[in-house]
Amino acid sequence: MTSESNTVLDRAELTRDIVSTFVRSNPISPADLPALVAAVHAMLQQLSAPQAPEPIARPTPAVSVRKSITREFLICLEDGKPFKSLKRHLRSRYNLTPEEYRARWNLPADYPMVAPNYADERSKLAKAMGLGKERRAVTAE
């Protein structure tokens with residue numbers, strides 16, 4: 001037997017089981033029985049028919065991608081709020097990594113997660129603290 005004929009037999013058996021269970025609990029006239037069988041069978045057939053998947057709706061950004069980057073802050077495409085750094089906001093609010101955020105909005109791999117001026121400030125601060133320089137070897141004299 002093919003899988004299609006198995007499905008037809010399964011539907012027939014299910015129809016029989018559903019109708020017999022219904023008739024045991026609910027009085028029905030013999031004249032109404034064929035209509036009940038037909039209705040149950042039609043519903044089972046409809047439920048077993050392949051369903052077309054619902055189209056996936058692309059999300060609409062709160063602002064355009066081009067306008068989301070300014071010198072002072074980045075605007076989150078999810079909610080339109082400005083941030084100096086998006087990474088923490090994305091993780092805590094939407095449970096997204098920067099890579100997932102970029103993929104969701106079809107952003108380039110080099111899309112920043114930190115506002116340019118903020119990155120410059122942090123860079124200057126780190127340089128002033130002496131970070132990023134090799135430690136000089138201390139010679140024992």
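The values are calculated or read from the model by the stated rules, or taken from the named source; none is laboratory data. Quick caveat: nothing in here was measured; it's all calculated off a predicted structure. We place every Cβ from the backbone using ideal geometry, glycine too, and count neighbours over all the protein chains shown.
In this structure, is Asn106 farther than 30 Å from Thr7 by Cβ, in contact with a Lys or Arg (Cβ under 6 Å, 6 or more places away or on another chain), loosely packed, with under 14 Cβ neighbours inside 10 Å and not assigned by TED's automatic domain parsing to the domain that holds Asp10? Against the criterion (farther than 30 Å from Thr7 by Cβ, in contact with a Lys or Arg (Cβ under 6 Å, 6 or more places away or on another chain), loosely packed, with under 14 Cβ neighbours inside 10 Å and not assigned by TED's automatic domain parsing to the domain that holds Asp10), Asn106 does not qualify. The residues listed here are Ser64, Ser48; of these, the one that is within 29 Å of Arg11 (Cβ to Cβ) and either assigned by TED's automatic domain parsing to the domain that holds Ala103 or among the hydroxyl-bearing types (Ser, Thr, Tyr) (or both) is Ser48. Is it the case, given these coordinates, that Ile28 is in a loop (DSSP other than H, G, I, E, B) and over 26 Å from the mean Cα position of the chain (by Cα)? Criteria met by Ile28. Here segment 77-96 is the region considered, the condition is being surrounded by fewer than 13 Cβ atoms within 10 Å (Cβ to Cβ) and of a type in the set (S, T, N, Q), and the residue that is nearest to Ala57 (Cα to Cα) is Asn95. Looking across segment 39-73, the residues that are surrounded by 14 or more Cβ atoms within 10 Å (Cβ to Cβ) and in contact with a helix residue (DSSP H, G or I) (Cβ under 6 Å, 6 or more places away or on another chain) come down to Val40, His41, Leu44.
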